[in-house]
1. Suppose the filter is in a helix (DSSP H, G or I) and closer than 26 Å to Ala274 by Cα; does Phe124 pass it?
2. Would you say Val12 is surrounded by 15 or more Cβ atoms within 10 Å (Cβ to Cβ) and under 20 Å from Ala300 (Cα atoms)?
3. Pairs under 6 Å by beta carbon, first residue within 15 Å of Pro121 (Cβ to Cβ) and touching a residue at least 12 places away in the same chain (Cβ under 8 Å) in the stretch 3-22, partner assigned to a helix (DSSP H, G or I) and open to solvent by 40 Å² or more (accessible area, probe 1.4 Å), six or more apart or different chains?
4. Need pairs with beta-carbon distance below 6 Å; first residue over 19 Å from Ile389 (Cβ atoms) and within the stretch 333-361, second β-branched (Val, Ile, Thr); sequence gap 6+ or separate chains.
5. Name the single residue, out of those in the stretch 135-162 being within 18 Å of Gly97 (Cβ to Cβ) and under 21 Å from the mean Cα position of the chain (by Cα), that is surrounded by the most Cβ atoms within 10 Å (Cβ to Cβ).
6. Residues of the stretch 334-375 being within 19 Å of Asn58 (Cβ to Cβ) and of a type in the set (Ser, Thr, Tyr), which ones?
7. Quick check, is Gly267 open to solvent by less than 30 Å² (accessible area, probe 1.4 Å), on the phi > 0 side of the Ramachandran plot and in contact (Cβ under 8 Å) with a residue 12 or more places away in the chain?
8. How many of the residues making up the stretch 319-342 are open to solvent by 30 Å² or more (accessible area, probe 1.4 Å) and more than 17 Å from Leu400 (Cα to Cα)?
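The values are calculated or read from the model by the stated rules, or taken from the named source; none is laboratory data. Treat the numbers as computed from the prediction; the structure is a model and nothing was measured. Counting neighbours? That spans all protein chains shown, and the Cβs are built from the backbone with ideal geometry, glycine included. Note: accessible area is taken over every heavy atom of the protein model, side chains too, but ligands, DNA and RNA are not part of it. Shrake-Rupley method; radii C 1.70, N 1.55, O 1.52, S 1.80 Å.
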Amino acid sequence: MKDFGTSSDPAVQAQLDRLAALTVPQGRLGLETIRALLSRLGDPHLALPPVFHVAGTNGKGSTCAFLRAMLEAQGHRVHAATSPHLVRYNERIRVAGELISDARLAELLAEVLDAGSHLAPSFFEVTIAASFLEFARVPAGACVVEVGLGGRFDATNVIPRPAVCGIAALGIDHERFLLAPDEGVPAEPLARIAFEKAGIAKPGVPLVTFDYLPEAATAVDRVADRVGAPLFAQAMDGGWSAEAAHDRIAYADRQGTLSLPLPALPGLHQARNAALAVAMLRHQQAISVSPEAMAAGIRAARWPARLQRLAPGPLTGEREVWLDGGHNPSAGATLAQHFAGQRLHVVIGMIEGKDPMALVAPLAPSIASLAAVPVPDHDYHPPEAFGEIARAAPDVPAALAALPDDGLPVLIAGSLYLAGDVLRLNGEWPD
């Protein structure tokens, strides 16, 4: 896979080439390498402003977007570390509200890669070390940090005492990384996923979660209890609740009730993610955020390639085109709910290792046509993997050009890597 990206800036590209050359011993797990790397850099993770740490299978990026928007609406400068990037590597590191500049990124990556000499850090470990190093140097009121993969062994999990930890929606994904046999952890797939995500819990730090299926909820509860993290789950006694109805989110917890607007981000699942962000803010003590700022943040939050309606542009023309990077059954269920009762054309590209029917099966009642395209720079599923109705197209522009002029909307989905290419082709670079 080529997760590393390219840059028009030669100095940045030189460092991205160094990142691309990194290899990690197969099966290596643990936080020893990232801790050693951070130690060589002066332990910047110990000097961060209050951290909001978010894990989850689906929705963690959107939850981070809501948190950042709410904190900024309160007037705070906010750092954010998120992944993956869609078009430019810079998207992973947002410093005091702005994507890191090319000039600073080149310097920062060089510094971290030089410090990591002989440690054999991974791409993601270097990225997180660079993020934390810059976050410790530039004043801000808060940090929003998204877990990359899992939680327990994720490179972000070195922060000793976040302001609050949150877990978004859970589902089956990245099985080959998260479901390997291990002594002392649950055997059931969803419980194992929940166990790994709950690994971000810290003693005395509030852990805020959705309500989950019983096997997942039990796994989270056991981790929180063992670690000593106060657990505040949706629908739990002493937890919080939220319901989207009549164009509002009705939120409640022990502090009282709030009536909040629905997000500008499409999809009912985004109301849930916004409510989780509110619950995280309401269950921490480091920063005060008013209900007015929460409402303003919910309206202002944007998160590209998550049920994003693309603007008219070089790729889309005037056609109604939606873009979603989802690739697992939970994402399929969300898309099916959003497009229920509609007919649409689907353009899909999925990398090997993902279930090709994860989106196609739930969307089947809505699919008028299905075109399978390659995922640039990745091994991908061929058209036959998506069933008999799928036809091959060499790329997204060709797939769109072949569609009939019937007025039906188009959904491009299946991969964040594909989504990044689509945004680039349409001139909608995330900012």
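1. Judged against the criteria, Phe124 is not a match.
2. Considered against the rule, which asks whether it is surrounded by 15 or more Cβ atoms within 10 Å (Cβ to Cβ) and under 20 Å from Ala300 (Cα atoms), Val12 comes out as no.
3. These pairs meet every condition: Phe4/Ala20.
4. Sorted first by the residue in the stretch 333-361, then by its partner, the pairs are Ile351/Val375.
5. Val145
6. Hit for the stretch 334-375 is Thr334, nothing else.
7. On the way: open to solvent by less than 30 Å² (accessible area, probe 1.4 Å): yes; on the phi > 0 side of the Ramachandran plot: yes; in contact (Cβ under 8 Å) with a residue 12 or more places away in the chain: yes.
So Gly267 passes the test.
8. Count: 10.
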